[in-house]
Amino acid sequence: MGMNLTLKVWRQKGPEDTGRMVTYRVEDVSPDMSFLEMLDVLNERLILEGDDPVAFDHDCREGICGMCGMVINGVAHGEQVATTTCQLHMRHFEDNAVITIEPWRAAPFPVVKDLVVDRSAFDRIIQAGGFVSVPAGSAPDAHSVPVKKVDADAAFDAATCIGCGACVAACPNGSASLFTAAKITHLSLLPQGQPERDSRAKAMVEQMDAEGFGGCTNTGECTAVCPKGIPLDTIAQMNRDYLKASK
Amino acid sequence: MTTKYTEGEPIRDTKAPEGPIEDRWEKRKFGAKLVNPANKRKLNVIVIGTGLAGGSAAATLGELGYNVKSFCYQDSPRRAHSIAAQGGINAAKNYRGDGDSTYRLFYDTVKGGDFRARESNVYRLAQVSVNIIDQAVAQGVPFAREYGGLLDTRSFGGAQVSRTFYARGQTGQQLLLGAYQALERQIAAGTVEMHTRHEMLDLIVSDGRARGVIVRDMVTGEIERHIADAVVLASGGYGNVFFLSTNAKGCNTTAIWRAHRRGAMFANPCYTQIHPTCIPVSGDYQSKLTLMSESLRNDGRVWVPVKAGDDRPVSQIPEDERDYYLERIYPAFGNLVPRDIASRAAKNVCDEGRGVGPGGLGVYLDFADAIRRLGRDAVEKKYGNLFEMYERITGEDPYTQPMRIYPAVHYTMGGLWVDYDLQSTIPGLFVIGEANFSDHGANRLGASALMQGLADGYFVLPTTIGDYLADGPYGEVDEEAVAEAEIAVREKINKLLSNNGDRTADSYHRELGKLMWDYCGMERTEESLRKALERIPELREEFWKNVKVSGEADELNQALERAGRVGDFFDLAELMCIDALHRTESCGGHFRAESQDADGEALRDDENFAYVAAWEYGEQGPVLHKEDLDYEYVKMSQRSYK
Amino acid sequence: MTATIERGSATARVNPPAGAAAKTTKSGRPGGLLGSSNGKKAVMAVTGAILVLFLIVHMAGNLKSFFGAESFNAYAEFLRTTGEPILPRRVVLTVLEVVLVAAVGLHMWSAVSLARRARKARPVKYAAKRKSQAGGYAVHTMRYGGVIIALFVIWHLLDMTFGAVNPAGRDSTPYERLVQGFDPSRWWVTVFYVVAVIMVGLHLRHGLWSAFQTLGLAGGRSYRPLKGIAAAISVVLVLGFLTVPVAVMVGAIK
Ligand SMILES: Cc1cc2nc3c(=O)[nH]c(=O)nc-3n(C[C@H](O)[C@H](O)[C@H](O)COP(=O)(O)OP(=O)(O)OC[C@H]3O[C@@H](n4cnc5c(N)ncnc54)[C@H](O)[C@@H]3O)c2cc1C
Ligand code: HEM
Ligand code: HEM
Ligand code: SF4
Ligand code: F3S
Ligand code: FES
């Protein structure tokens, strides 16, 4: 009594391969399965048939590591709001549905294989300045600097970004603004982030450009697919910090 | 049969300094040799893992000026499994003035660990805990705060003081991002060289010292050798030996198991923590289990129907036919008994046929009373995100019907044996975080794993490893040792790929996991363990003959990655069962049905088992080395939560 | 009780020089404000704002045509004579025109350069039809709409300012050009104006609040009011502009 599905999956052997959509049937899918468990079932079958399983990134399978992610029917992480691919369950699909599955598409996220892309550009954006410089052991007592609860909460909201890259995948400009803005905002709102605030904003924005991400035209697709609902005002905060730093 | 093990020399020296316990760490720090700053650049350190332990260690070592290489199997160091920790991190800050102190945290941890942890280590952990919070706050970790602007804390499983710092339900994430950012800063500074999507497959031991690792580039399949003056393993826990656990899918034992094969002793492998509040299994396809924060037990009431086999819907079960069994059996602690006790109680009622949900493997966690008492809004404020997560996974609304929960494997207290310096029995091999066995004894308290990982990585290891490195650089490495390790790795991969059998690695892993859960899970008996020890070698043999892995060696091949890990899980599973079988007492996360009191509570046997069981790998079966545990400061007593 | 760790004096470089990592990356674009996508966006926002101010004044001026030829021509004349006698005739207007041309030029330069960057960042399209999750139409209307507006402005200048394509010819008053330009017989010109003005409205509906966002002046609770104000200004501008050609068409202005 499970569901029967037709999957159209992007298959690409490696970075050099051109890649193509391949159609698979999956039968007897339980509505309680997660999307990745459904792909597990397909992969088990492919392995036994001597085929390459569909490669996809995943680890925690509970929506926090940011490793998983694919574009499902044209929407990054699928249509379920505020949900990572690993938390998406099959009960949201109809029996006999045709599901298209593609990797994140953006030049700075080259495809490694099938649905796996290289997101190391994000790490380099953090390297450019997404930190507070504190050597271990040199920190003052945690209570020496009180932080207003509202600021701490707002910083936390921005800090929940899981670095999945759905924002880039959804943005028509291939912009990494939401990701970059989330980190800049997180640190800008806290007193600990102030000393490096200007250099951080400048360096991270410039790195984002250097990686080849597009600019933001405030289309808002990113925040709509973001599994953590990172809000657009982080981008305003980034712009503010950047312009101030560039004066 | 491999239940045979031999007993070797006991371990006498753990390198902990003598003297009053408060001064030991200070003494060790002073006694540790310092490395000449000019030499640090010439000293290479490999760190496997970028979780709280590995990430903080690599960042700190880089900061100190060593030449560090860091490895993880994910595509970014930020995704290490530590990211998933929810509840919080303990620290003896006593910001509440509620009577907390280093000594009390030390005491609670030793007691919580059921008197199977080393006093010196635990005391140091409690001392360092306060620095962790300072460090994290300075990095910009957005801990929860009160309106006054100061840090908020809460109390957590088994503690009577409020010492758990938290960042909503995402404490692990925020702490890991702090460590990750520190690490990225060092990468930019050129002191740390990062290798993501690289899996460690063997340890290089040359002249009796750990000198490097063999890793596989998971994208190109290339087998690489990396040489260093010291190797740090921070590869996390091995709970995935049970297939289903709350751990991330990629968590594995390969790194520590390979090190064990090369001579590092494995301590207390059988100590496994089962977490009582997880979402139950819903079908055979299930790939992992999801933890629901323990904090839910503050307001939720646990119950099952009084009658076995009662499958009426909740609304039709009258109040007097519900058994709130935790409140009934443990009136003093009620729903808040420690993890191991709550887990076993759930298992017992399900074994009696009173479980609820698919397969009868679940108990209710009911918020109806809390909603009535506090109002839906208040409940939503407190637990909204958890309720949402539950609904997302099960499709059921926990506001209108009770949650179903069941225990699941969560954490492994066992790991590679280390001394006070966190050095294993192979000189130059250091082990930190969940990968070692050090601080939690037979049972870990909630919110203490994050504390230990960061204590090890930021504060302890950077000092103690200096003492070892001060005698370096260690010169040329024996080429034969490297080649031998590399060949072994290649052979294993070729074996897996050329097998052409008819079962997938996952299907073997599932079978092994079920076997371990049934026979070496929440409750163990001599009989069940013997059964497991009979079956595991058979299954392992079949696995190596019959597993099917498609694809090639020189490409991204996830089937191959999994198969390799499963192979090591088989070996580990066997050692776990041997350890569980030899320890005929019950303690902490290890419950032997034969050793319980009249009320069914765990019965320790301090006379015979107050030791750490450190296993040495031997071709003729494992060799047991005992490290006796002396309690000078905390008096051993039977735990009671009635 | 302390547990700080001892360390040697030579710690690693604490602050990687800003942008150190940037230099090591593949494309190595020039940095600086105008080189960055955020900088370009800021240019677009500032120039866009200048253009919006112009449009508001322009619309108000156009409405003067309802008060008859003198009033309208006087306004056109006023534009040319402000600053006299201190400044020669048309100096202020010329300065304004230069600013406008510069603004349009910079605005278009940023738009084109950002669009090209975006295309490079997103070389492969999705096979599944993209479903907009934000209900956003912004990218298409902004880019293609912008092009239509640009074409319109060229035509419009030839038409109203220079009279080159206007039946009233070069040597006419602005009022004559206005009345004859929107003559019912030239309905297709009017249609083009209507379309263009609506495009401008759409452009501004997004552009106005977007400019605030770009300059970092938006956030939190200000989005709803900002978007409301943007929509209101757009509607006022569209209606204000359209009444004139419509009035000419129906003979209210002649
Ligand atoms: C759901 C959940 C909730 C938890 N909540 C809490 C909590 O609230 N409080 C608390 O104190 N503890 C909690 N814990 C426990 C705690 O999160 C872990 O014990 C701790 O994070 C382990 O950290 P680690 O650094 O030792 O290892 P991990 O974070 O597991 O990191 C392991 C690293 O090693 C790498 N690695 C592993 N194998 C290899 C290999 N072969 N080659 C190369 N790299 C490898 C991985 O890539 C990864 O980077 C929780 C655990 C779970 C599962
Ligand atoms: C000449 C042709 C034009 C083109 C090609 C063009 C193109 C664009 C584009 C692509 C954007 C970016 C959209 C975004 O940031 O979300 C934009 C923004 C904007 N445009 Fe234009 N535009 C043109 C003319 C105009 C005119 C005539 C005006 C004013 C009357 C105007 C006002 C604005 C404003 C205010 C913005 C918002 C800037 C921002 O978001 O930061 N534009 N334009
Ligand atoms: C239906 C609406 C419009 C009417 C009736 C109208 C009318 C006119 C007239 C009569 C002039 C000539 C003024 C003079 O020579 O003194 C003019 C100039 C101009 N118009 Fe419009 N216009 C309209 C819409 C627009 C729009 C939408 C734009 C821009 C997007 C625009 C941009 C300009 C410019 C740039 C000039 C030249 C200004 C100058 O030379 O100082 N107009 N317009
Ligand atoms: S901002 Fe949102 S979508 Fe983008 S990486 Fe972070 S969590 Fe993912
Ligand atoms: S979708 Fe893209 S255009 Fe900006 S608002 Fe989001 S980054
Ligand atoms: S697998 Fe971790 S977020 Fe999906």
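Where a number appears in this text, it was derived from the coordinates with a stated rule and is not lab data. Model, not experiment: these values are computed from the prediction. Here the Cβ is made from the backbone with ideal geometry for all residues, glycine too, and neighbour counts use every protein chain on show.
Rounded to the nearest 10 degrees, what's the angle between the helix A:149-159 long axis and the longest principal axis of chain A, both from Cα atoms, 0 to 90? Orientation of helix A:149-159: about 40 degrees from the principal axis.
Stokes-Einstein diffusion for the stretch A:3-102 at 4 °C, viscosity 1.567 mPa s, with a Kirkwood radius from C-alpha pairs, works out to 93 µm²/s. With contributions of -39500 (n - 2.57) from each DSSP H run of at least four residues, the per-residue ellipticity at 222 nm computed over chain A stands at -10000 deg cm²/dmol.
How much space per residue, in cubic angstrom, does the convex hull of the C-alpha atoms of chain C take up?
Details: hull volume 67.1 nm³, N = 254.
Cα convex hull per residue, to the nearest whole number: 264 Å³.
Distance from the Cα centroid of the stretch C:176-228 to that of the stretch B:386-418 is 53 Å (rounded to whole angstrom). Here the Kirkwood formula puts the hydrodynamic radius of chain B at 25.0 Å, using every distinct Cα pair. Between the stretch B:67-123 and the stretch B:474-548, the alpha-carbon centres lie 31 Å apart.
Using only the alpha carbon atoms of the stretch A:97-247, find the Kirkwood hydrodynamic radius as the inverse mean reciprocal pair distance, in angstroms to one decimal.
In the stretch A:97-247 this quantity evaluates to 16.2 Å.
Please give the helix B:505-520 orientation as an angle from the longest Cα principal axis of chain B, in degrees from 0 to 90, rounded to the nearest 10. Helix B:505-520 and the main axis of chain B meet at about 60 degrees.
Counting other Cβ atoms within 10 Å of each Cβ, which trypsin sites (Lys or Arg not before Pro) in the stretch B:563-635 have at most 15 and sit in a DSSP loop?
The qualifying sites are B:K635.
Mean residue ellipticity, 222 nm, helices only, chain B: the sum of -39500 (n - 2.57) across DSSP H runs of n ≥ 4, divided by residue count and rounded to 500, is -11000 deg cm²/dmol. Between rounded, prolate and oblate, where does the stretch B:325-397 land on the alpha carbon gyration tensor, with a ≥ b ≥ c its root eigenvalues, rounded for a/c under 1.5, else prolate if a/b exceeds b/c? Since a/c reaches 1.5 but b/c is at least a/b, the shape of the stretch B:325-397 is classed as oblate.
I'd like the FRET efficiency for B:K33 and B:R154, computed as 1/(1 + (r/R0)^6) with the beta carbon distance as r and R0 of 60 Å, rounded to 0.05.
The value I calculate is 0.90.
Helix A:197-210 axis versus longest C-alpha principal axis of chain A: approximately 40°, rounded to the nearest ten.
Seen from all sides and averaged, what is the projected area of the convex hull of the Cα atoms in the stretch C:111-215, in nm²?
With the hull built on Cα positions only, its mean projection is 9.5 nm².
A Förster radius of 30 Å, combined with the Cβ-Cβ distance separating B:R328 from B:D605, puts the computed FRET efficiency at roughly 0.60. Shown for the stretch B:13-55 is the translational diffusion coefficient from the Stokes-Einstein equation, using the Kirkwood radius over Cα pairs, a temperature of 4 °C and a viscosity of 1.567 mPa s: 97 µm²/s. Cα convex hull, the protein assembly as shown: 194 Å³ per residue, rounded to a whole number.
When every alpha-carbon pair in the stretch B:479-607 is counted, what percent end up more than 26 Å apart? In whole percent, the long-distance tail amounts to 38. Normalising the average separation of contacting C-alpha pairs (under 8 angstrom, six or more residues apart) by the number of residues puts the relative contact order of chain B at 21 percent. The P(r) of the stretch B:122-248 has a tail past 21 Å containing 62 percent of all C-alpha pairs.
Based on Cα atoms of the stretch B:215-358, Rg over Rh with Rh as the Kirkwood radius reads 1.12. Mean separation of Cα pairs under 8 Å and 6 or more residues apart, divided by the residue count, gives the stretch B:189-326 a relative contact order of 15 percent.
What FRET efficiency would be calculated for the residue pair C:W187, C:L87, taking the C-beta separation as r and a Förster radius of 60 Å, to the nearest 0.05?
After rounding, the FRET efficiency stands at 0.90.
Evaluating 6.51 cos²θ - 1.76 cosθ + 1.60 at θ = phi - 60° for every residue in the stretch B:140-145, the Karplus couplings come out as x, 5, x, 4, 4, 10 Hz, glycine and proline recorded as x.
The per residue volume of the convex hull around the alpha-carbon atoms of the stretch B:275-410 is 108 Å³. Could you tell me which of rounded, prolate or oblate describes the stretch B:370-515, using a ≥ b ≥ c as the square roots of the eigenvalues of the alpha-carbon gyration tensor, with rounded for a/c under 1.5 and, failing that, prolate when a/b is larger than b/c and oblate otherwise? In terms of gyration-tensor shape, oblate. Each residue, B:R376 and B:E479, gets one label point 7 Å from its Cα in the Cβ direction; the gap between the two is 7.5 nm. In this simple spin-label model, placing a label point 7 Å from the Cα along the Cα-to-Cβ direction at both C:A232 and B:R261 gives a separation of 7.3 nm.
Applying both filters, DSSP loop and at most 13 other Cβ atoms within 10 Å, to the GluC sites (Glu not before Pro) of the stretch B:6-38 gives B:E18.
Across the stretch C:40-50, computed HN-Hα scalar couplings (Karplus, 6.51 cos²θ - 1.76 cosθ + 1.60, θ = phi - 60°) run 4, 4, 5, 4, 4, 5, 5, 5, x, 5, 4 Hz from first to last residue, x flagging Gly and Pro.
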